[in-house]
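One structure below.
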Amino acid sequence: MSYEIFKINEELKEFMPQEIVDLEEKATWGNPKRGVMDLPYAKELVEEHSLCAGCPESAAFRYILASLPNPEETIIVNSTGCTSLVFPHIALHTVHSLFGNQNAIASGIKRTLEWRFPDKVKDVVVLAGDGATVDIGLDCTLQSFFRQEKITTICFDNEVYANTGGQESGMTVKGQVFKMAPKGKQFDKVPMWQLAIDSGCHYVVRMTVSSPKKVEKVIKQAIYVAREVGPTYIHLYTPCILEIGLNADQGLWEMRQTDKERFKFFEYMTDEAKEVIKRKKEEGLI
Amino acid sequence: MQETQQVQYNRAGQRVVSPDYLLFEAPREKQFMTGSEVVKEAVKRASVDASVSYPITPQSEAAHLIGELWVEGYVGVYFRGESEFGVMSEVAGCAMAGGRTITTTSGPGTLRAMENFPMWAGSRLPLQLVLMARGVNSPLTIQPDNLEISFLLDTGCMVWHAENAQELFEMILAGFVVAEQPDVHVPVITAIDGFFISHTREAVMLPPDDIALPPYDPYKAPMPPIDMEMAPGRFLRDPYVMKSNYISYASHTSWQFEVRSAIERSRPYAKHYLRGLIEEFGNPEAEVVLIASGTAGAQAKEAAIILSEDEGVPTRVIRLKTIRPFPGEEILQALRNAKYVFVPEFNVIGWLEREVRRVLYGKTDVPIVGSPRVAGGMTMPPEVIVKEVLKTLGKEAKHVI
Ligand SMILES: Cc1ncc(C[n+]2csc(CCOP(=O)(O)OP(=O)(O)O)c2C)c(N)n1
Ligand code: SF4
Ligand SMILES: [Mg+2]
């Protein structure tokens, strides 16, 4: 339907909350070149958030939503966790159903939309925590990669089960003491980006969200490749400042530290992905 | 000038007809087929958009056959999922995206998928699950047993129970029609007793296969489909977990009541398309009443004939077609002059007896006997029911046993 759906009936406009009116008048629709540079000027697609003050996940949300090339045709699937509290504030169709089934839900949605709208491009993007993506949902995550579902999966890795109060997850680093790991974690951080490559993803990135422009580029590339080729996976470090004892203004600092070590920028792409990215660059879309 | 009527076709090229025409008026032809094959015939005439499958006996064959329909162009989306948990989420995705969706499972598959069913109902998805009941693992069994139906009764899904392949055919078609009513819009589980129905061949009467149900219109749904074709709905923007306050608690409570009310609102539709929520069989004056559903209903009918004709004990049957909604009023009315109620079942816990007791409590003093019960693959010959009735009545068997 496109962004026409955000047009408000003129007769009702005076009764609408300002944020809804702004969505029609000030958001960036119909412009695949939109990006993080719009952030200070355009109406954002996330209205507010209910994360802790300074939580890097909130920055990640804003960058990702500002970078979607086709928001008017984008469906976002999420899972349970700190992030799930943000989805109700997103001005797009989002789904929360269960904890860990996000890639299964997304598979059903993507395939059915392809069947119902053969002449349209509808992007399906999964956004979930590390517990959801790598622990409880690993089966659904990897199986969607094996099946070559044309969806983009983004993992918010805060290296902990944050929403349930700070328990060890598969993404916690070895030795870290958390709840349920009172002697420190006994095994290594799961190399999820490598599993994604081995499981058939065509574009895989591991990074922190310390650099908005870089996040924009990666999100666009991942979505364009998923559209045409197959599954893509982005693994983002979004530290849980609450559980590692940092202040609200220290998230960026923490990410910059890890930029140089375990979250050093890593990018993988298949030849088919390269071709898409090259073409999109030539078209001026990346 | 005479008005020309617009003939419509679905994406498979079948002529679209009204549910009433398809179910009640279209000419029918006799076929001899298994319950699994009947699933294929029903899905073929249901303008289905999507199906996802996973192997488990005894439902696998039905799922294979839906796959054939996909190859033949009658179903839009079809694939094998990774597990029943995955599959029930995948079909949820298909339904959320606005597709008419069906899947099938059995026993351990149902339990593996369990977390999904209340989510389907709470998301108001008019999904259909054809449940071919089998035992659950305590220990491993693949035999007929319908214990699992008990676990599904409080998920917020409608639960119907077919007696034979013919009724399964009607229920699959009616299931979509009822589940998709805007004032209902909750999932429907059409259950059969596995093997007895799925794997045995019987005569069924089928309408032609070049006609089909009208396609699903997701824009009539009480919840917007997840397709970015209409403005995001309020529900998407305000889940109850977001606010820890009394409004949130109250709205979550009322949402749960609303899902149950939606099942109640399905009554008139189910009554119409299933020709009643119950079937009464036998001499209406008989004082011995057998209440049963599924294949136990068929066995009860045989037993009622033996009891009435050979043993001199006039007996009748109240067979339930729907378990959710539960036809409590209908049962109460049908009981009339009953002196004894027996509830034969294919499971050890007696979920139907429990349901019957619940609705009859305080309304009648007729003794309710939760027996006989067979499970784990045992059959229930009518003689077992006859014996139980005669024993309770303190009578000697004159004939068969
Ligand atoms: C089946 C199930 N098991 C457990 C939970 C409890 N639970 C809710 S959120 C959560 C933690 C989520 O962790 P993660 O995915 O890493 O997201 P985060 O909160 O860290 O952002 C857990 C364990 C649940 N909701 N459902
Ligand atoms: S608990 Fe951690 S991950 Fe969750 S909102 Fe707070 S800082 Fe962010
Ligand atoms: Mg986490």
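What follows is calculated from the coordinates using simple rules that are stated; it is not laboratory data. Everything quoted here is computed from the prediction, not taken from an experiment. Quick reminder, even Gly has a Cβ in these numbers, built from the backbone with ideal geometry, and neighbours come from all protein chains shown.
Data overview
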| read-out | value |
| --- | --- |
| Tensor-based shape of the stretch B:15-219 (alpha-carbon gyration tensor, a/c under 1.5 rounded, otherwise prolate or oblate) | oblate |
| Cα-based shape type of chain B, given that a ≥ b ≥ c are square roots of the gyration tensor eigenvalues and the cut on a/c is 1.5 | prolate |
| Highest average packing first - A:170-180, B:339-349, Cβ atoms within 10 Å | B:339-349, A:170-180 |
| Sorted by Cβ neighbour density within 10 Å, fewest at the top, the residues A:Arg116, B:Arg357 | B:Arg357, A:Arg116 |
| Using θ = phi - 60° and Karplus 6.51 cos²θ - 1.76 cosθ + 1.60, couplings along the stretch A:66-78 (whole Hz; Gly, Pro as x) | 6, 9, 4, x, 9, x, 5, 10, 10, 10, 10, 10, 10 |
| For the stretch A:45-282, size of Cβ-based charge dipole, Lys and Arg +1, Asp and Glu -1, in debye | 400 |
| nm² value of the averaged projected area, convex hull over the Cα atoms of the protein assembly as shown | 36.5 |
| Amide H contacts under 5 Å for B:Asp145, placed H, 5+ residues apart | B:Arg134, B:Gly135, B:Gly194 |
| B:Ala191 long-range amide H proximity, modeled H, under 5 Å | B:Leu131, B:Trp160, B:His161, B:Ala162 |
| Top of A:Glu159, A:Glu47, A:Glu19 by mean-square fluctuation, Gaussian network on chain A, Cα under 10 Å | A:Glu19 |
| Environment charge at A:Lys264 (Cβ cut-off 13 Å; Lys +1, Arg +1, Asp -1, Glu -1) | +2 |
| With Cα atoms, 0 to 90° folded angle of helix A:212-228 axis to chain A main axis | 70 |
| GNM flexibility winner over chain B from B:Ser371, B:Ser138, B:Ser47 (Cα, springs under 10 Å) | B:Ser138 |
| Förster-model FRET efficiency, 60 Å R0, A:Leu39 and B:Ile305, C-beta, rounded to 0.05 | 0.20 |
| Extended-chain gain in nm, criterion 0.36 nm per residue less alpha-carbon gap, A:Gln148 and A:Val177 | 6.8 nm |
| Relative contact order [Cα under 8 Å, 6+ residues apart], the stretch B:278-393, whole percent | 30 |
| Highest-fluctuation residue, B:Leu168, B:Leu390, B:Leu69 considered, GNM on chain B with Cα pairs under 10 Å | B:Leu390 |
| Mean Kyte hydropathy of -1.0 or more with a Cα span along the axis of at least 18 Å, helices from DSSP in chain B | B:165-179, B:246-265, B:295-309 |
| Number of partner chain Cβ atoms within 10 Å, mean per residue of B:68-81 | 2 |
| Derived scalar couplings ³J(HN,Hα) [the stretch B:205-212; Karplus, 6.51 cos²θ - 1.76 cosθ + 1.60; whole Hz; x for Gly, Pro] | 9, 10, x, x, 9, 9, 10, 8 |
| For the stretch A:48-60, Karplus couplings with θ = phi - 60° (6.51, -1.76, 1.60), whole Hz, Gly/Pro x | 7, 9, 10, 7, 4, 4, x, 5, x, 4, 5, 5, 4 |
| 10 Å Cβ neighbours from other chains, averaged over peptide A:117-127 | 2 |
| FRET efficiency, A:Phe266 to B:Ala203 (Cβ-Cβ, R0 45 Å, nearest 0.05) | 0.10 |
| Spin-label model distance (nm) - B:Glu68 vs B:Gln143, 7 Å beyond Cα toward Cβ | 3.0 |
| Charge tally in the Cβ shell below 15 Å around A:Glu10, where Lys, Arg are +1 and Asp, Glu are -1, A:Glu10 excluded | -3 |
| Candidate aspartates and glutamates - alpha carbon under 14 Å from A:Lys189, same-chain residues fewer than 8 apart omitted | A:Asp130, A:Asp135, A:Asp157, A:Glu159, A:Glu168, A:Glu261 |
| Share antiparallel - DSSP beta bridges, the stretch A:45-282, percent rounded to 5 | 20 |
| Check: the protein assembly as shown dipole with +1 on Lys, Arg Cβ and -1 on Asp, Glu Cβ, in debye | 980 |
| Likely footprinting exposure, A:Leu12, A:Leu242, fewest C-beta neighbours within 10 Å first | A:Leu12, A:Leu242 |
| Gyration tensor verdict on the stretch B:129-200 (Cα atoms; rounded if a/c is under 1.5, prolate if a/b is larger than b/c, oblate otherwise) | oblate |
| Positive minus negative residues near B:Ala50 (Lys, Arg vs Asp, Glu; Cβ under 11 Å) | 0 |
| Considering only the stretch B:15-219, percent of DSSP beta bridges that pair antiparallel, nearest 5 | 20 |
| Cα-Cα over 32 Å, subset of B:Lys44/B:Lys220; A:Lys280/B:Lys220; A:Lys174/A:Lys214; A:Lys220/A:Lys260; A:Lys7/B:Lys44; B:Lys271/B:Lys339 | A:Lys280/B:Lys220; A:Lys7/B:Lys44 |
| The stretch A:45-282: relative contact order in percent, alpha carbon pairs under 8 Å with at least 6 residues between | 21 |
| Debye, to nearest 20: dipole size of chain B, +1 on Lys, Arg Cβ, -1 on Asp, Glu Cβ | 740 |
